[in-house]
Every structure is written in C-alpha cells, then in structure tokens.
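Some notes on the structure that comes next.
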C-alpha cells in the first residue's frame, strides 16, 4: 500500500487538491469530495488501483480559523482535566457524608443526585464520577 500526502486549500468556491508525490492538482466543490478526487487523480496518473492507495489528507485553513481551533482544543483539554478534578471532589464529598453516617438517599438529596448515583460514588466505582 502506498500512502500519498494530499494538501488541500480553499480557493473561492473550490477546494484545491495537491498531491506532491505526483506533482499534480485537482479540485473539488465540497470537502466530502476531496478524498475521492485525490484518489481518482492518483489512479489516473500512476495506474495504481484504489485498493493500494492510502491518503494522508491535510486541509490548510486560514490562520485565524486554525488559531481558533487550536484554542478550542486547548480549552477542551482543560475542561476534561477540570471535569476529572470535579469528579474526584464529588466522590470525596459523597464518601465523607457516608463516613459521617448519612444514608445513600440522604447523600443523594444533599448532593442533588440520585441515591443510586450516591452509591456509585461511595463504592468507589472509577467510572462513577
């Protein structure tokens, strides 16, 4: 199997598709057509069959869009990290209330969760939080 690098940029209404390995270009109207158009181009220019072609597609976006996507990825990562800490704290709160003698129903009521959820938290199920 041969892997071809494919770089894609937007130009007006079209996506310009470049395959550096064969130094050829094609275009597509929609993102959903990019892989098919690149594969067809490679098949025509090299004679390889579709089964032997693998594509590594990179879509180049405007810098301001890429910056926003990078920030979004960073924020998602921070949110996942914060959610993990919040889950640990909720689990700790449930266990502390349990150690102080509260029933599962009371723990659920106090924490605003179901008693079944309180039981999961107290029992230490790693997926519980």
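Here residue 113 clears all of (1) at pLDDT below 95; (2) part of a loop (DSSP other than H, G, I, E, B); (3) surrounded by 11 or more Cβ atoms within 10 Å (Cβ to Cβ) except the condition numbered (1).
Of all the criteria given as (1) assigned by TED's automatic domain parsing to the domain that holds residue 36; (2) surrounded by 11 or more Cβ atoms within 10 Å (Cβ to Cβ), the one not satisfied by residue 96 is (1).
The values are calculated or read from the model by the stated rules, or taken from the named source; none is laboratory data. Bear in mind that the values here come from a model prediction, so they are computed numbers and not experimental data. FYI the Cβ positions are ideal-geometry reconstructions off the backbone, even for glycines, and counts take in every protein chain you see.
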